[in-house]
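Chemist: The structure's right below; bear with me while I get my questions together.
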Amino acid sequence: MSAAARPTMSLKHLELFSQGAIDLIERADLSLRLGSGRALRVKFGMDPSSPDLHLGHCVQLFKLRALQRAGMQIVLIVGDSTAMVGDPSGRNKLRPQLTRAEVEANLETYISQVSKVLDMQRTEVHRNSEWFDKMRFEDVLQLASRMTVARMLERDTFQKRVGDNEPIGIHEFLYPLMQGWDSVMIRADVELGGSDQLFNLIVGRHLQEQTGQTPQVVLTLPLITGFDGRKMSKSYDNSIPLTDSAREMFHKVLRVEDKNVKQWLELLTEVEPAEIERLCAGDWRDAKDRLASEITGFFHGRQSLDDVREAPSMPWPDPTADRMPLANLIKQLGLSASTSDARRAVQQGAVTLDGTVATDPVFQVERARLPLLLQLGKRRAARILPPT
RNA sequence: GGGGAGAUACUCAAGCGGCCAACGAGGUCAGACUGUAAAUCUGAUGGCACAGCCUUCGGCGGUUCGAAUCCGCCUCUCCCCA
C-alpha cells in the first residue's frame with residue numbers, strides 16, 4: 001500500500017502501467033520517466049456528453065485507481081469545451097452538439113460517479129474550457145495549422161464517412177487538436193484512453209513535440225463490449241450505467257458473454273490474478289456470479305448484494321389511495337418506463353404478486369394487502385411497504 | 001453558383017390520399033427452454049386509471065370530408081458540375 005514512487009520501484013510500476021494495455025507508446029520512454037522517481041502526471045479526459053458513466057469508462061478508471069495508489073498524479077480533464085464539439089471517433093454520423101447548459105448538468109454527475117473509483121482529494125481536475133475559453137480566433141487558427149487535412153482524413157472513421165456519403169463537420173477536425181492541446185496545457189507525462197482513442201492521443205504527442213515538450217506516453221486499454229458485441233457505448237444502448245440499481249447492474253453483468261468474463265474480471269475488478277485463473281477454470285456460473293458480485297459490490301456496497309437477491313423495499317407510492325390499478329402501481333414504483341409498458345408486461349404474464357402471476361392490468365391492488373412482493377420479469381422487483 | 005437526390009419511431013428501412021400508431025430487419029422488454037448465461041422458439045415494443053381517447057412521419061402554412069402521402073415556403077444532408 002506504499003504510495004511513494006521510488007526509483008527502485010520503477011520496474012514494478014512499468015508492469016502496473018502496461019498490464020492489460022493494447023498500445024504503449026513508447027515503453028522505453030515510460031521506463032525512463034519512471035526512473036526519475038517523480039510522480040508522473042497521468043492524464044485522462046472525459047467528455048460530459050451524456051449524463052452517466054458506464055462500465056466501459058471504468059476500464060480506464062480502474063487503471064487510474066491502481067496508478068493513483070502507486071503514487072501517480074492523476075489529472076482528470078473534464079472536456080466541457082470538447083463535449084460541445086463531439087468526438088468523431090467511431091462515429092459514422094455527425095454528433096449533435098451539446099449546449100453549455102447540458103454540459104454543465106452532465107459534468108456534476110460525472111464527478112460524483114468518478115469519485116466512486118478515484119480519490120478525488122488526490123486528483124487534479126481541470127475543465128478544458130479553462131484554456132479554450134480564453135483562445136481568440138487567431139489562436140484557434142494557429143492550433144488548426146498544426147495539422148493537415150490529409151493527416152486527419154487518414155482516420156478510418158472519417159474515411160468510412162466519406163465512403164458512406166455521411167457528413168463531416170469542419171469542427172470535427174478540431175476535436176483531436178483540442179484533446180491534444182489539453183495535454184500541452186497540463187504537461188501530461190502519460191495519457192490514458194480506450195483503444196479507439198489512439199489517434200487523438202497521438203495528436204497530443206505531436207502537439208507537445210511542436211511546442212517544445214517531451215511527447216507524452218500513450219497508453220490504450222481494451223474496449224469492452226456490450227450485450228450486442230459492439231463497443232459498450234451509451235449511444236448503442238448496450239451499456240451498463242453506474243446509475244443502475246444494484247439489482248439491474250448485477251443482472252446485466254451476468255449477461256456478459258462467457259468469453260469476456262476473464263477480461264472483465266481483469267479490467268473491472270480488483271480480484272487477484274491467481275484467483276481469476278482459478279475462477280475461469282471452474283464453472284461459468286460461479287465465475288459470473290463472482291464477477292457480478294465484485295462489480296455490483298464495488299459500486300453499491302457489499303450490503304447491496306442482499307438487495308440483489310431480495311427485492312428492494314419501496315413504500316406505497318400514493319399514500320392517499322387505498323387501492324391502485326396494477327399497471328399504474330408498477331409505473332409509479334418506477335419499475336417501468338410508462339403505464340403502457342407496465343400494462344404490456346402484465347398482459348404477457350411477466351408480473352407476479354407474492355409469487356402469483358397477475359395478468360389483469362387494471363387489477364386493483366389493495367393497500368390493506370401490504371406488504372406485498374411484486375416482481376416484473378427476472379430483473380425488476382419491489383417489496384411494497386405501507387406508507388410511513 | 002448550377003443541376004440531381006433525400007429527411008419516417010432507439011437504429012436501418014417500407015409506405016406515396018382513407019384499410020396507418022404506420023410493413024420488415026436489428027435492438028430492447030417479456031414468456032418457454034437454460035447456467036438468473038449464450039443459442040433457439042414465441043409474443044410485445046408512442047402515451048394515457050386503455051374495448052376509448054390523445055400526440056407522432058424534418059419545420060411552418062395550404063388543398064381535401066380525410067394527408068406520412070398532394071401543393072408552397074423554410075431548415076438540414078448527400079451526390080455531380082464550377
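The values are calculated or read from the model by the stated rules, or taken from the named source; none is laboratory data. It should be emphasised that the depicted structure is a prediction, and the values quoted were computed from it without experimental measurement. Counting neighbours? That spans all protein chains shown, and the Cβs are built from the backbone with ideal geometry, glycine included. Surface areas here come from the heavy atoms of the whole protein model, side chains and all, with no ligands, DNA or RNA. Shrake-Rupley method; radii C 1.70, N 1.55, O 1.52, S 1.80 Å.
Chemist: When only residues in the stretch A:261-274 that are touching a residue at least 24 places away in the same chain (Cβ under 8 Å), more than 10 Å from RNA strand B (Cβ to nearest atom) and open to solvent by less than 50 Å² (accessible area, probe 1.4 Å) count, which is nearest to A:GLY20 (Cα to Cα)?
Modeler: Step by step, filter the stretch A:261-274, then rank; the result is A:LEU267.
Chemist: Among the residues of the stretch A:205-225, how many are free of Cβ contacts under 8 Å to residues at least 40 places away in the same chain, surrounded by 17 or more Cβ atoms within 10 Å (Cβ to Cβ) and part of a helix (DSSP H, G or I)?
Modeler: Summing the residues that are free of Cβ contacts under 8 Å to residues at least 40 places away in the same chain, surrounded by 17 or more Cβ atoms within 10 Å (Cβ to Cβ) and part of a helix (DSSP H, G or I) in the stretch A:205-225 gives 1.
Here's the yes/no breakdown for (1) modelled with pLDDT under 90; (2) open to solvent by less than 60 Å² (accessible area, probe 1.4 Å):
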position	(1), (2)
A:GLU124	no, yes
A:GLU130	no, no
A:LYS134	no, no
A:ASP156	yes, no
A:ILE170	yes, no
A:ASP182	no, yes
A:ILE186	no, yes
A:VAL190	no, yes
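Chemist: Which residue, of A:ILE224, A:ILE240, is more than 9 Å from RNA strand B (Cβ to nearest atom), touching a His at 6+ places or on another chain (Cβ under 8 Å) and within 24 Å of A:GLN19 (Cβ to Cβ)?
Modeler: A:ILE240
Chemist: Same structure, new question: Taking A:ALA246 as the residue in question, decide whether it is in contact (Cβ under 8 Å) with a residue 40 or more places away in the chain, within 16 Å of RNA strand B (Cβ to nearest atom) and either small (Gly, Ala, Ser) or crowded, with 20+ Cβ neighbours inside 10 Å (or both). Even if it seems obvious, please write down each step before you answer.
Modeler: Values: in contact (Cβ under 8 Å) with a residue 40 or more places away in the chain: yes; within 16 Å of RNA strand B (Cβ to nearest atom): yes; either small (Gly, Ala, Ser) or crowded, with 20+ Cβ neighbours inside 10 Å (or both): yes.
Against the criterion (in contact (Cβ under 8 Å) with a residue 40 or more places away in the chain, within 16 Å of RNA strand B (Cβ to nearest atom) and either small (Gly, Ala, Ser) or crowded, with 20+ Cβ neighbours inside 10 Å (or both)), A:ALA246 qualifies.
Chemist: Continuing with the same structure: Please verify whether A:LEU198 is touching a residue at least 60 places away in the same chain (Cβ under 8 Å), open to solvent by 40 Å² or more (accessible area, probe 1.4 Å) and either within 28 Å of A:ASP29 (Cα to Cα) or in contact with a helix residue (DSSP H, G or I) (Cβ under 6 Å, 6 or more places away or on another chain) (or both), treating the condition exactly as stated.
Modeler: On the way: touching a residue at least 60 places away in the same chain (Cβ under 8 Å): yes; open to solvent by 40 Å² or more (accessible area, probe 1.4 Å): yes; either within 28 Å of A:ASP29 (Cα to Cα) or in contact with a helix residue (DSSP H, G or I) (Cβ under 6 Å, 6 or more places away or on another chain) (or both): yes.
When the stated conditions are applied, A:LEU198 passes them.
Chemist: In the stretch A:301-330, how many are assigned to a helix (DSSP H, G or I), closer than 16 Å to A:GLU366 by Cα and near RNA strand B (Cβ under 8 Å from one of its atoms)? Give the derivation first.
Modeler: Quick first cut of the stretch A:301-330, residues assigned to a helix (DSSP H, G or I) only: A:304-309, A:326-330.
Subsequent filtering for residues that are closer than 16 Å to A:GLU366 by Cα retains A:326-330.
Filter once more, keeping what is near RNA strand B (Cβ under 8 Å from one of its atoms): A:327-328.
The number of residues fulfilling the criteria is 2.
Chemist: Which condition breaks for A:VAL256 when tested against (1) within 20 Å of the chain's Cα centre (by Cα); (2) at pLDDT 90 or above?
Modeler: Going through the list (1) within 20 Å of the chain's Cα centre (by Cα); (2) at pLDDT 90 or above, A:VAL256 breaks only (2).
Chemist: Among the hydroxyl-bearing types (Ser, Thr, Tyr), more than 9 Å from RNA strand B (Cβ to nearest atom) and under 20 Å from A:ARG383 (Cβ atoms), is that true of A:THR296?
Modeler: Details: among the hydroxyl-bearing types (Ser, Thr, Tyr): yes; more than 9 Å from RNA strand B (Cβ to nearest atom): yes; under 20 Å from A:ARG383 (Cβ atoms): yes.
Taking the combined requirement at face value, the residue satisfies it.
Chemist: Taking into account only those residues within the stretch A:333-385 that are open to solvent by 60 Å² or more (accessible area, probe 1.4 Å) and among the hydrophobic types (A, V, I, L, M, F, W, C), which is nearest to the chain's Cα centre (by Cα)?
Modeler: Per the criteria, the residue is A:ALA337.
Chemist: Of all residues in the stretch A:39-78, which are of a type in the set (A, V, I, L, M, F, W, C) and out of contact with any strand residue (DSSP E or B) (no Cβ under 6 Å at 6 or more places or on another chain)?
Modeler: Just the residues of the stretch A:39-78 that are of a type in the set (A, V, I, L, M, F, W, C), to begin with: A:39-40, A:42, A:44, A:46, A:53, A:55, A:58-59, A:61-62, A:64, A:66-67, A:70, A:72, A:74-78.
Answer for the stretch A:39-78, where residues must be of a type in the set (A, V, I, L, M, F, W, C) and out of contact with any strand residue (DSSP E or B) (no Cβ under 6 Å at 6 or more places or on another chain): A:MET46, A:LEU53, A:LEU55, A:CYS58, A:LEU61, A:PHE62, A:ALA66, A:ALA70.
Chemist: Consider the stretch A:251-286. How many of its residues are more than 23 Å from A:ARG380 (Cα to Cα) and in a helix (DSSP H, G or I)? It would help to see each step written out before you state the result.
Modeler: Let us first name the residues in the stretch A:251-286 that are more than 23 Å from A:ARG380 (Cα to Cα), namely A:258-284.
Okay, now just the ones that are also in a helix (DSSP H, G or I), so A:258-268, A:273-281, A:284.
Residues in the stretch A:251-286 being more than 23 Å from A:ARG380 (Cα to Cα) and in a helix (DSSP H, G or I): 21 in total.
Chemist: So which residues in the stretch A:367-379 are outside any helix (DSSP H, G or I), in contact with a strand residue (DSSP E or B) (Cβ under 9 Å, 6 or more places away or on another chain) and within 15 Å of RNA strand B (Cβ to nearest atom)?
Modeler: Within the stretch A:367-379, the subset outside any helix (DSSP H, G or I) is A:370-379.
Checking the rest, the ones that are also in contact with a strand residue (DSSP E or B) (Cβ under 9 Å, 6 or more places away or on another chain) come to A:370-377.
If the condition is that a residue be outside any helix (DSSP H, G or I), in contact with a strand residue (DSSP E or B) (Cβ under 9 Å, 6 or more places away or on another chain) and within 15 Å of RNA strand B (Cβ to nearest atom), then A:LEU373, A:LEU374, A:GLN375, A:LEU376, A:GLY377 are the ones that fit.
Chemist: Return a yes/no flag: does the stretch A:227-236 have any residue that is part of a loop (DSSP other than H, G, I, E, B), in contact with a helix residue (DSSP H, G or I) (Cβ under 7 Å, 6 or more places away or on another chain) and more than 15 Å from RNA strand B (Cβ to nearest atom).
Modeler: Within the stretch A:227-236, not a single residue is part of a loop (DSSP other than H, G, I, E, B), in contact with a helix residue (DSSP H, G or I) (Cβ under 7 Å, 6 or more places away or on another chain) and more than 15 Å from RNA strand B (Cβ to nearest atom).
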